[in-house]
Amino acid sequence: MRKMPEGSRIKSASSRHKRRNHFANDRPPAMLEVALTGIVAGGKAMGRAPDGRVVFVSYAIPGEQVVAEVTETHTQYFEARTVRVLRPSSFRVKPRCQYFGRCGGCQLQHVEYDEQLRIKTQIVRDQLIRVGRFSDDHELTFPPAIGMEMPWNYRNHMRFTVWRKGQVGLMQQGTHQLLRVDQCDIACDQINQALGMVQDATTGTKQLVMRVGQNTGDVLIHPRLAWRDNATNPSLESGQKIVRETLLGRRYQISVAAFFQVNTIQAERLLGYVIDKVNEVSPRVVVDAYAGVGVFASHLAAHVSEVFAIEESPSAATDAGVNLMGLSNVEWMIARVEDVLPRRDFSPDVVIVDPPRRGLPPEVLGSLVASPAYRIIYVSCDPATLARDLRRLVNCGFKLTEVQLLDMFPHTQHIECVAIVDRVFTL
């Protein structure tokens, strides 16, 4: 991709829509010239304002010098947005998407992809050091990040907003206004094809969900669409309740509301990595907590004697009933993990946890410590809560063995990683 030339400009947010005003006397937002020295969670670069306060700047890269528009001011820091790049990084590239900077879906399209992986790894490392209080020299092992060869058109699930006149799009960043989107460069091809057919053509719905089985060709468009009188593509099927997908050769049913990884290629790599890490310690019993539609449980059934899978979502439970059919050594429980894990003796050798962004509740952490499990595999989408929970486990007799970053969300701030935690046995 072509590098952004020195002195290039990024269109000011205030010239497109009204921003929240955090400044006294309704004065216009301040402009700051900032040298960026670091990166923080959320993908924002960090520097210092002339008054010494920290500035978090979106659409910038460490090592750059930029002019930034202050969008929020606080006692100890500013939030700002790049308006002009005075000294660009060698890693700066021209964003591919025409909506970048207006749509809030991507935050890192201006960064060369290999550097995105390095930045995300650094964010995870920083969170483990700052939040988890781990030692960079002795406690942190980071294999190379698992990125994508083609980090575009990967997303198999999109949720769009539909306006009264049939315009389909996403919410404009920082506003309640619609941004019409005719093509999303991180969405898979089938979604973009369907988007072109529904644009200006549908009526009667405010939200539109599209899911694609990239290995099967299945397409789900929900809800069932009604077409405007001038629609030219009313033959598009819609109203499907499920989509089918395969991962590493095994078939899955996924309902409209059920969780499933949005990146099929990387989901297969994540699955393969977790299977390898389970097999490394030759367990007999595995607990799959926050089991979703049963992806880990169904594959691990062939490798261990027993799998106990726990999931509270009714839609995921319905799918899991289909996905786990015929696997006699898998026991499925529809319940909250914090309600089941502390009250039942599973006697696991390995526990897999894949919690929501808020991380593990204290009851679950206590149950992991009290269990006989000698390996915990923690799949995380939030480095801060991961760091917090890992510190609690390490304080209770475990060792952080490895942290593997797997880029499930190229060009965005979102980070997926897997931590391997092993119990320390003493003689």
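Please tell me if L220 is assigned to a helix (DSSP H, G or I), free of Cβ contacts under 8 Å to residues at least 40 places away in the same chain, in the same structural domain as L236 (by TED's automatic domain parsing) and buried (at least 19 other Cβ atoms within 10 Å of the Cβ).
No.
Do we have any residue at all in the range 372-387 that's of a type in the set (D, E) and surrounded by fewer than 17 Cβ atoms within 10 Å (Cβ to Cβ)?
No; the residues of the range 372-387 include none that is of a type in the set (D, E) and surrounded by fewer than 17 Cβ atoms within 10 Å (Cβ to Cβ).
Name the one entry in G174, G132, G147, G166 that is touching a His at 6+ places or on another chain (Cβ under 8 Å) and not β-branched (V, I, T).
On inspection, the qualifying residue turns out to be G174.
State whether one or more residues within the range 335-356 are at positive phi, touching a residue at least 60 places away in the same chain (Cβ under 8 Å) and not basic (K, R).
Yes, the range 335-356 has at least one match.
Confirm whether A317 is buried (at least 18 other Cβ atoms within 10 Å of the Cβ) and more than 24 Å from R391 (Cα to Cα).
Yes.
Condition first: touching a residue at least 40 places away in the same chain (Cβ under 8 Å) and surrounded by fewer than 23 Cβ atoms within 10 Å (Cβ to Cβ). Now tell me which residues in the range 288-303 satisfy that.
Matches in the range 288-303: Y290, H299.
In the range 115-174, what count of residues is obtained for those that are in contact with a helix residue (DSSP H, G or I) (Cβ under 9 Å, 6 or more places away or on another chain), more than 25 Å from N395 (Cβ to Cβ) and of a type in the set (F, W, Y)?
Summing the residues that are in contact with a helix residue (DSSP H, G or I) (Cβ under 9 Å, 6 or more places away or on another chain), more than 25 Å from N395 (Cβ to Cβ) and of a type in the set (F, W, Y) in the range 115-174 gives 2.
Mind telling me which of the residues A45, A35 ends up being touching a Gly at 6+ places or on another chain (Cβ under 9 Å) and either part of a loop (DSSP other than H, G, I, E, B) or surrounded by 19 or more Cβ atoms within 10 Å (Cβ to Cβ) (or both)?
When all the criteria are applied, what remains is A45.
Table: residues versus (1) touching a residue at least 12 places away in the same chain (Cβ under 8 Å); (2) touching a Phe, Trp or Tyr at 6+ places or on another chain (Cβ under 7 Å); (3) not in a helix (DSSP H, G or I).
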site	(1), (2), (3)
V70	yes, yes, yes
R81	yes, yes, yes
Q127	yes, no, no
G132	yes, no, yes
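Restricting attention to the range 391-401, does a residue exist that is in a loop (DSSP other than H, G, I, E, B) and over 30 Å from V243 (Cβ atoms)?
Checking the range 391-401: at least one residue is in a loop (DSSP other than H, G, I, E, B) and over 30 Å from V243 (Cβ atoms).
Out of curiosity, is L368 in contact with a strand residue (DSSP E or B) (Cβ under 9 Å, 6 or more places away or on another chain) and buried (at least 20 other Cβ atoms within 10 Å of the Cβ)?
Criteria met by L368.
Is one or more of the residues making up the range 134-155 without any contact (Cβ under 8 Å) to a residue 60 or more places away in the chain, charged (D, E, K, R) and under 25 Å from V379 (Cβ atoms)?
Within the range 134-155 (the criterion being without any contact (Cβ under 8 Å) to a residue 60 or more places away in the chain, charged (D, E, K, R) and under 25 Å from V379 (Cβ atoms)), the answer is yes, since at least one residue qualifies.
Go through the residues of the range 363-386 one by one and say whether even a single one is assigned to a helix (DSSP H, G or I), touching a Ser or Thr at 6+ places or on another chain (Cβ under 8 Å) and touching a residue at least 24 places away in the same chain (Cβ under 8 Å).
yes
Would you pick out the residues in the range 337-357 that are under 18 Å from F260 (Cα atoms), charged (D, E, K, R) and surrounded by 15 or more Cβ atoms within 10 Å (Cβ to Cβ)?
Correct list: D354 only.
The values are calculated or read from the model by the stated rules, or taken from the named source; none is laboratory data. Remember, it's a predicted structure, so these values are computed and weren't measured experimentally. Note that each Cβ is placed from the backbone with ideal geometry, even for glycine, and that neighbours are counted across all protein chains shown.
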